[in-house]
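Asker: The structure is given below, and queries will be raised subsequently.
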Amino acid sequence: MTDSIPSVSPPTVAVLGCGWLGLPLAQALVALGYRVHGSTTTPGQLLTLRDAGIRPFLLRLAPNLTATDADTLRAQLQGADVLVLNVPPTRGAGSPEAYPALLRPVAETAAQVGVRHVLLVSSTGVYADEPRLMREPDAQAAATAAAPLLQAEALFQGPAHTVVRLAGLMGPGRAPGRFLAGRAGVPHGEAPVNLIHLQDCISLLSRIIEQDLWGYTFNASAATHPTRRTFYTVAATRLGLQPPTFLEESAGGKQIDSTLIRELTGYQFRHEDVVAALEYC
């Protein structure tokens with residue numbers, strides 16, 4: 001009689017924020033064999049999550065959670081090995097403290113229920129708009145618009161958690177050509193664009209979980225950085241829209257370096273050329 005080999009249950013990943021990025025990420029994790037808990041703020045999306053093999057939760061975050069939402073958050077995180085926190089700052093939010101205050105209940109609940117790892121989806125908006133290459137250590141806390149992002153990141157930085165600062169997002173349903181189409185007198189025409197395609201976002205976030213890359217802060221951006229003038233002219237033209245016109249000035253801007261995440265994950269971007277990637281938006 002041979003001893004049976006005990007089966008190992010797949011890890012459970014909670015994806016908080018199953019929207020444009022979070023839903024396809026959750027679907028990719030299901031395909032990789034993970035058990036996935038996913039939250040949405042839209043009741044009509046619950047069936048979509050369930051049909052995708054995702055355990056659905058209806059949850060709306062707030063600095064002071066209602067009793068119902070607090071219970072739902074706890075239920076979603078209960079038993080999760082990894083939390084992917086994908087809740088971007090709300091545009092036009094009130095005080096500068098609004099974003100870290102929004103995420104603080106998540107950090108507290110995750111610690112209480114024993115979530116081992118948090119993968120925070122952050123933004124390259126943490127960097128000053130200066131004409132130079134920006135690596136991960138170059139973000140500095142200051143009394144600027146970026147300070148709330150850095151304060152939010154600080155809630156999840158440590159040896160058990162990882163922060164990924166995504167560049168501007170592009171992909172199906174998010175065509176960059178619409179952003180500036182028809183506008184006149186747009187500044188910073190010679191500044192480099194920093195973008196990443198949805199497909200590369202999903203692959204990188206999945207790899208971090210698969211490879212247990214915890215305790216890091218990463219930049220994630222395609223390697224090509226055409227000027228705003230070049231990129232948005234092509235992007236609008238491809239959609240049949242009026243291209244923007246730019247001011248005649250030579251002011252540059254930041255360029256995001258993503259060497260670290262490439263080296264540690266070994267991932268090769270599928271959409272390095274962001275102009276060519278417009279075909280997949």
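Asker: For Cα extents along the principal axes in Å, pick the label among (i) 52, 46, 35; (ii) 53, 38, 35; (iii) 76, 47, 38 that corresponds to the value derived from the coordinates.
Answerer: (iii)
Asker: Going by alpha carbons, how many degrees (0 to 90, nearest 10) lie between the helix axis of 198-210 and the longest principal axis of the chain?
Answerer: 40
Asker: Oh, and also: Per the 1.4 Å probe, what fraction of the accessible area of the chain, in percent, lies on carbon and sulfur atoms?
Answerer: Accessible surface attributable to carbon and sulfur in the chain totals 52 percent.
Asker: Another question, if that's okay. Roughly how many Å² is the accessible area per residue of the stretch 138-281, as a whole number, for a 1.4 Å probe?
Answerer: For the stretch 138-281, the per-residue accessible area is 45 Å².
Asker: How many angstrom lie between the C-alpha centres of the stretch 28-46 and the stretch 251-274?
Answerer: 28
Asker: With everything on Cα atoms, drop me the angle between helix 98-113 and the longest principal axis of the chain, reported from 0 to 90° to the nearest 10.
Answerer: Compared with the principal axis, the helix lies near 20 degrees.
Asker: Which value in nm describes the separation of the simple spin-label points at S9 and E279, placed 7 Å from the Cα toward the beta carbon?
Answerer: Those two pseudo-labels are separated by 4.5 nm.
Asker: What value, in deg cm²/dmol to 500, does the helix sum -39500 (n - 2.57) over DSSP H runs of n ≥ 4 give at 222 nm once divided by the residues of the chain?
Answerer: -8500 deg cm²/dmol
Asker: How far is helix 67-77 tilted off the main Cα axis of the chain, in degrees rounded to 10, range 0 to 90?
Answerer: 80
Asker: Please compute the Kirkwood hydrodynamic radius over the stretch 124-275, one decimal place, Å, based on all pairs of different Cα atoms.
Answerer: 16.5
Asker: On to the next question. Starting from the Cα of R104, step 7 Å along the direction of its Cβ; do the same at E272; then give the gap between the two resulting points in nm.
Answerer: It is 4.4 nm.
Asker: When all C-alpha to C-alpha distances in the stretch 146-233 are sorted into bins of 10 Å, what percent of pairs does each bin hold, rounded to whole numbers?
Answerer: The calculated distribution, bin by bin, is 14, 37, 31, 15, 2.
Asker: How much length is gained on full extension from L264 to L241, taking 0.36 nm per residue of separation minus their Cα-Cα distance?
Answerer: Between L264 and L241, full extension yields an extra 4.3 nm.
Asker: What list of whole percents do you get for P(r) of the stretch 189-281, with Cα-Cα distances grouped in 5 Å bins up to the one holding the largest distance?
Answerer: Cα pair-distance distribution for the stretch 189-281, in percent: 2, 13, 21, 20, 16, 12, 8, 5, 2, 0.
Asker: Additional query: List the residues of the stretch 249-281 whose backbone N lies under 18 Å from a point placed 7 Å from the Cα of F179 along the Cα-to-Cβ direction.
Answerer: Counting only backbone N, you get 251-258, 271-281.
Asker: May I ask which residue of L213, L241, S123 lies farthest towards the positive end of the charge dipole of the stretch 119-271, with charges of +1 (Lys, Arg) and -1 (Asp, Glu) on Cβ and the Cα centre as origin?
Answerer: Sorting the options by dipole projection puts first L241.
Asker: Dipole size in debye (nearest 20) for the chain around its Cα centre, Lys and Arg Cβ +1, Asp and Glu Cβ -1?
Answerer: With Lys and Arg at +1 and Asp and Glu at -1, about 580 debye.
Asker: Sticking with this one: Using 1/(1 + (r/R0)^6) with R0 = 45 angstrom and r between the beta carbons of A67 and T230, what's the FRET efficiency to the nearest 0.05?
Answerer: Between A67 and T230 the formula returns 0.30.
Asker: By the gyration tensor of its Cα atoms, with a ≥ b ≥ c the square roots of the eigenvalues, what is the shape of the stretch 95-205: rounded for a/c under 1.5, prolate for a/b over b/c, or oblate?
Answerer: Cα axes put the stretch 95-205 in the prolate bin.
Asker: Roll a 1.4 Å probe over the protein chains and send me the accessible area per residue for the stretch 35-80 in Å².
Answerer: Using a 1.4 Å probe on heavy atoms only, each residue of the stretch 35-80 averages 54 Å².
The values are calculated or read from the model by the stated rules, or taken from the named source; none is laboratory data. Just so we're clear, the structure is a prediction, and the values are computed from it rather than from any experiment. Cβ: placed from backbone, ideal geometry, glycine included. Neighbour counts: every protein chain shown. Accessible surface is based on the protein model in full, side chains and every heavy atom, while ligands, DNA and RNA are left aside. Shrake-Rupley method; radii C 1.70, N 1.55, O 1.52, S 1.80 Å.
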